[in-house]
Amino acid sequence: MTNTANADGRERVHRIWTELQRATVDRHHEWRTPVLATTGLDGLPQARTVVLRGADAKAQQLVFFTDSRSPKVAELQTLPAAAFVFWSKRLSWQLRVRVSTQVHTAGPLVDTAWARVSQSAAAGDYLTPRPPGSPLHQPTEAKQDAHHLAVVTAHIDHLDWLELSREGHRRARLTQDTAEWLVP
Ligand SMILES: Cc1cc2nc3c(=O)[nH]c(=O)nc-3n(C[C@H](O)[C@H](O)[C@H](O)COP(=O)(O)O)c2cc1C
């Protein structure tokens, strides 16, 4: 790759991380709610929306919160490999991110996260007596005192960026500070 291409790649990587970080603080950012794909315990694909809670370029890490009793936690504990898909219409950018996850159910990371979540409307989501997905006889039920918050850190193994444009689509495989351009 030429120096110009390298500089362009670094700029691209930098812009993508700026958007990811914005998404963790801006409720209206389209990248705030990516789809997380895992492998189900039956070996078949599973996918669901999560809220992006952290994006650290230096550590190459994304973070989301979940209920430690949720099926996705059991899936990630069995097979930590997962993928996020982000789409932004405003940017015309898709990001596909392959990650290796780690589930934290206790310790400072969880305590800090709970201090944050317990002040928000989402607190009740982590205080249900029964695990997510359990049948209920009525729409809601009383909350517990102990929480079941888990913090999932996801280390990026591979990042694929696609830009849709009338002038021509562009796609790149990104590392921490380079972009390798690919046929879209
Ligand atoms: C906009 C949106 C945001 C969501 N954010 C989260 C989240 O941050 N963490 C989470 O565990 N579930 C979140 N959910 C619910 C999941 O999509 C999913 O329904 C639930 O976690 C059960 O997933 P599982 O059975 O695969 O574990 C969100 C759903 C929506 C629609």
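The values are calculated or read from the model by the stated rules, or taken from the named source; none is laboratory data. Keep in mind that what you see is a predicted model, and the values were worked out from it rather than measured. Here the Cβ positions follow ideal geometry from the backbone for every residue, glycine too, while neighbour counts run over all protein chains shown. All accessible areas refer to the heavy atoms of the entire protein, side chains included, with ligands and DNA or RNA removed. Shrake-Rupley method; radii C 1.70, N 1.55, O 1.52, S 1.80 Å.
A few remarks follow.
- Cross-chain or 6+ apart pairs with Cβ under 6 Å, segment 165-179 first and in contact (Cβ under 8 Å) with a residue 60 or more places away in the chain, then open to solvent by 30 Å² or more (accessible area, probe 1.4 Å): Ala172/Trp181; Asp177/Arg10
- Pairs, first over 14 Å from Arg90 (Cβ atoms) and touching a residue at least 12 places away in the same chain (Cβ under 8 Å) in segment 8-22, second among the acidic types (Asp, Glu) and open to solvent by 20 Å² or more (accessible area, probe 1.4 Å), C-beta under 7 Å, six or more apart: Arg10/Asp177; Val13/Asp177
- For segment 37-54, taking the residues that are open to solvent by 20 Å² or more (accessible area, probe 1.4 Å) and under 14 Å from the mean Cα position of the chain (by Cα), the one that is farthest from the ligand (Cβ to nearest atom) is identified as Ala37.
- Cβ-Cβ distances below 6 Å connect the following pairs, each with a first residue in segment 116-139 that is under 16 Å from Ser70 (Cβ atoms), a second residue that is open to solvent by 80 Å² or more (accessible area, probe 1.4 Å) and away from the ligand (no atom under 14 Å from the Cβ), and a separation of six or more residues or different chains: Gly124/Lys143; Leu127/Lys143.
- Some residue of segment 128-141 being aliphatic (A, V, I, L, M) and either on the phi > 0 side of the Ramachandran plot or part of a helix (DSSP H, G or I) (or both): no
- Of all the listed residues (Val151, Val183), the sole one being without any contact (Cβ under 8 Å) to a residue 60 or more places away in the chain and either under 18 Å from the mean Cα position of the chain (by Cα) or farther than 24 Å from Arg53 by Cα (or both) is Val183.
- Across segment 11-24, the qualifying residues are those that are open to solvent by 60 Å² or more (accessible area, probe 1.4 Å) and over 13 Å from the mean Cα position of the chain (by Cα), and the one among them that is nearest to the ligand (Cβ to nearest atom) is Arg22.
- If the condition is being small (Gly, Ala, Ser) and either within 15 Å of the ligand (Cβ to nearest atom) or free of Cβ contacts under 8 Å to residues at least 12 places away in the same chain (or both), then segment 56-87 contributes Ser68, Ser70, Ala74, Ala82, Ala83.
- Selection count, segment 25-36, where residues are more than 8 Å from the ligand (Cβ to nearest atom) and surrounded by fewer than 18 Cβ atoms within 10 Å (Cβ to Cβ): 6
- Failed item in (1) within 13 Å of the ligand (Cβ to nearest atom); (2) over 15 Å from the mean Cα position of the chain (by Cα), with Trp93 passing the rest: (1)
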